[in-house]
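Chemist: Take this structure first; my questions come after.
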Amino acid sequence: MRHTSEQSPRPALTVPVIPLPGEPVVDAASTAPDGLTLGRRIRHFRNRQGLTLSELAGRVDSTTSQLSHVENGNREPRLSLITAIAAALGVSVAELLEPGPPPDRRAELEIALDRAQRSSLYAGLGVAPVRPGRNTPLNVLESLVALHTELARRAAEAIATPEEARRANTEIRMIMRTRDNYLPEIEELGEDLIRRAGYTSGALTHSTVSEMARTLGFEIIHVPDLPHSTRTVTDLANGRIYLPPASIPGGHGLRSLALQAIAHRVLGHVRPVSYADFLRQRLEITYFAATCLIPRSAAVDYLSERKRSRDLAIEDFRDAFGVTHEAAALRFTNLATSHLDLPLHFLRVSDDGALYKGYENDGVGLPADVHGAIEGQYVCRHWAARAAFERRTRTTEFHQYTDTPAGTFWCSTQTGRSDAGEFSITVGVPFNHAKWFRGRETARRAASGCPDESCCRRPAADLGRRWQEHSWPSAALHTQILAPLPSGTFPGVDDAEVYAFLEANAPSEGP
């Protein structure tokens, strides 16, 4: 089946270009007297004297091969040999060993080229190294070094993932905050597509999602052997969307994955050019999937009626549309401010208290680092997002009022479990908006002094004095903080595995 979709107008979600640091192949201002610089200085002074390697070797009682290794930075000479070489070349030992850049531009370029060609990055190309000679034009060296510098810059851009991802993610979160987490352009696209596929009300069915794919010229196929680095794979040539097997019949997860794959086509996405672009696309496709699973018109009608009845509850919203509690809570953040005039906050917190995902436009004050990133920060142990883990019965939502330095907030929290452990999903509002929600009558109330560390992060003074010199906790190392995403067409995707998968699954008749 050939892809025949029409190009839909792209939503006006824009993210500032986030510059990624590039790393030069060599720092010419380095003051370290490394072996390469020493070797090029020896060659420079040898050429100035008009001596061959063989002639210099005879003067210093060495061999041509040994001096060649020294000049190429492959062998560190002893001080006695350096002293003999300096004397033979008519320079001081200090001139050979002084810190600073190479003696001239040619030497600087040769060092840069040599270092680049010794790198694992160059070795991965499988290309034989270039050995510049005395007659190699300077402009050729300039071009070769420039190419290696750009190659290193692009590789550095690809592996700068942890820092760049956090920065880009914070930028996007701030943009969404100014928009009340609401994107009307994508809302309209999603609603139009599901109506054309036959949706009327209630939960979106798998058959409707399949029909949406067919209207765009795609067939949904479930396979057990998707490449490990992918969530879905779309075959643009043959009009196929590959998904994992249906492990939970009727589950929300596969519908969401299929809709996100469809969203790339509907939103006219092209290959991302930066990590910020990749994250923007991920946000857009997730938002599009949410607009289809919980359509705006049906959701606003449902929520407005519940607000009039003062009976808003995320668990009921979840069940009405057949999605997960997290999906319902996130969708509520899209619509609550723009259609219900409710400021709010959303938290997903792991059982150790770390904030995995968050949003707020109600002034609650989420924990953040000095750059404004909230992911990985610890939520106050007195907040409902963490207090909910303490209860035994977790079948219904947990409600709590919390007094904070930013005011009093009412929160509704539900806990769950994933392969990574327990987590909680929280939706909260300022005190004066609690009147619209079920659970507002709760008598549970807590006080939080965070971000003041004396609230729950700093030990009592007497305990600190007692144990400071008698404790040695060994921290767990999370390998993901050290590992960048693999380089490739898309961040984190193994292109070779994807292409091999498509080749193996392509129909025999071809596109």
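Chemist: Between residues in region 194-221 that are more than 19 Å from THR324 (Cβ to Cβ) and charged (D, E, K, R) and residues that are open to solvent by less than 30 Å² (accessible area, probe 1.4 Å) and not in a loop (DSSP other than H, G, I, E, B), which pairs lie under 9 Å by C-beta distance while being six or more apart or on different chains?
Modeler: Short answer, once both residue conditions are applied: ARG196/MET212; GLU219/ALA213; GLU219/ILE241.
Chemist: Can I ask one more? Listed residues ARG173, ARG214; which is crowded, with 19+ Cβ neighbours inside 10 Å and basic (Lys, Arg)?
Modeler: Numbers: ARG214 fails: crowded, with 19+ Cβ neighbours inside 10 Å.
Checking each option against the conditions leaves just ARG173.
Chemist: Something else: Looking at region 67-169, what helices (runs of 4 or more DSSP H) fall wholly within it and have at least 1 residues that are open to solvent by less than 70 Å² (accessible area, probe 1.4 Å) and more than 30 Å from TYR275 (Cα to Cα)? If you could, list the steps in order and put the result at the bottom.
Modeler: Numbers: elements: 79-89, 93-97, 105-118, 120-123, 138-159.
In region 67-169, 79-89, 93-97, 105-118, 138-159 are the helices (runs of 4 or more DSSP H) which contain 1 or more residues that are open to solvent by less than 70 Å² (accessible area, probe 1.4 Å) and more than 30 Å from TYR275 (Cα to Cα).
Chemist: If you don't mind, another one. Would you kindly identify the helices (runs of 4 or more DSSP H) lying entirely within region 289-341 that contain at least 3 residues that are within 26 Å of the chain's Cα centre (by Cα) and free of Cβ contacts under 8 Å to residues at least 60 places away in the same chain?
Modeler: On the way: elements: 296-308, 314-321, 325-340.
Counting at least 3 such residues, we get 325-340.
Chemist: Does ARG10 qualify as being open to solvent by 30 Å² or more (accessible area, probe 1.4 Å), under 30 Å from ILE172 (Cα atoms) and modelled with pLDDT under 85?
Modeler: Details: open to solvent by 30 Å² or more (accessible area, probe 1.4 Å): yes; under 30 Å from ILE172 (Cα atoms): yes; modelled with pLDDT under 85: yes.
Spelling it out, ARG10 is indeed open to solvent by 30 Å² or more (accessible area, probe 1.4 Å), under 30 Å from ILE172 (Cα atoms) and modelled with pLDDT under 85.
Chemist: Still on this structure, please answer the following. Write out, first by first residue and then by second, each pair whose Cβ atoms fall under 7 Å of each other, whose residues are 6+ apart or on separate chains, and whose first residue, in region 90-111, is closer than 14 Å to LEU144 by Cβ while the second is open to solvent by 50 Å² or more (accessible area, probe 1.4 Å) and in a loop (DSSP other than H, G, I, E, B).
Modeler: GLU108/PRO101
Chemist: Could you please give the count of residues in region 391-405 that are surrounded by fewer than 17 Cβ atoms within 10 Å (Cβ to Cβ) and in contact with a Phe, Trp or Tyr (Cβ under 9 Å, 6 or more places away or on another chain)?
Modeler: Going residue by residue through region 391-405, those that are surrounded by fewer than 17 Cβ atoms within 10 Å (Cβ to Cβ) are 391-396, 403, 405.
This time we only want the ones that are in contact with a Phe, Trp or Tyr (Cβ under 9 Å, 6 or more places away or on another chain), so: 391, 403.
Counting residues in region 391-405 that are surrounded by fewer than 17 Cβ atoms within 10 Å (Cβ to Cβ) and in contact with a Phe, Trp or Tyr (Cβ under 9 Å, 6 or more places away or on another chain) gives 2.
Chemist: Is it true that some residue in region 265-287 is in contact with a Ser or Thr (Cβ under 6 Å, 6 or more places away or on another chain) and at pLDDT 95 or above?
Modeler: So far as region 265-287 goes, no, none of its residues is in contact with a Ser or Thr (Cβ under 6 Å, 6 or more places away or on another chain) and at pLDDT 95 or above.
Chemist: Suppose we filter region 427-461 for residues that are closer than 19 Å to PHE389 by Cα, in a loop (DSSP other than H, G, I, E, B) and open to solvent by 50 Å² or more (accessible area, probe 1.4 Å); how many remain?
Modeler: Residues flagged as closer than 19 Å to PHE389 by Cα, in a loop (DSSP other than H, G, I, E, B) and open to solvent by 50 Å² or more (accessible area, probe 1.4 Å) within region 427-461 amount to 3.
Chemist: Suppose we filter region 372-426 for residues that are among the β-branched types (Val, Ile, Thr), under 26 Å from the mean Cα position of the chain (by Cα) and part of a strand (DSSP E or B); how many remain?
Modeler: Let us first name the residues in region 372-426 that are among the β-branched types (Val, Ile, Thr), namely 374, 379, 393, 395-396, 402, 404, 408, 413, 415, 425-426.
Keeping just the survivors that are under 26 Å from the mean Cα position of the chain (by Cα) gives 374, 379, 415, 425-426.
Add one more test, that the residue is part of a strand (DSSP E or B), and what stays is 415, 425-426.
Going through region 372-426 one residue at a time, the tally reaches 3.
Chemist: Which one of these is open to solvent by less than 40 Å² (accessible area, probe 1.4 Å), farther than 28 Å from THR205 by Cα and either at pLDDT below 95 or of a type in the set (A, V, I, L, M) (or both): ALA368, ALA354, ALA336, ALA328?
Modeler: Details: ALA368 fails: open to solvent by less than 40 Å² (accessible area, probe 1.4 Å); ALA336 fails: farther than 28 Å from THR205 by Cα; ALA328 fails: farther than 28 Å from THR205 by Cα.
Answer to the selection: ALA354.
Chemist: Would you be able to say whether some residue in region 52-61 is surrounded by 13 or more Cβ atoms within 10 Å (Cβ to Cβ), under 28 Å from ASN139 (Cα atoms) and at pLDDT below 85?
Modeler: Among the residues of region 52-61, not one is surrounded by 13 or more Cβ atoms within 10 Å (Cβ to Cβ), under 28 Å from ASN139 (Cα atoms) and at pLDDT below 85, which makes the answer no.
Listed here are the residues, each with its yes/no results for (1) in contact with a Pro (Cβ under 9 Å, 6 or more places away or on another chain); (2) more than 25 Å from ASN169 (Cβ to Cβ); (3) free of Cβ contacts under 8 Å to residues at least 12 places away in the same chain.
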site	(1), (2), (3)
LEU355	yes, no, no
ALA373	no, no, no
ALA385	no, no, no
ARG391	no, yes, yes
THR402	no, yes, no
THR408	yes, yes, no
SER412	no, yes, no
GLU441	no, yes, yes
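The values are calculated or read from the model by the stated rules, or taken from the named source; none is laboratory data. Keep in mind that this is a model prediction, so the values were computed, not measured. Note: ideal-geometry Cβ built from the backbone for every residue, glycine included; neighbour counts use all protein chains shown. SASA here: full protein model, heavy atoms, side chains in, ligands and nucleic acids out. Shrake-Rupley method; radii C 1.70, N 1.55, O 1.52, S 1.80 Å.
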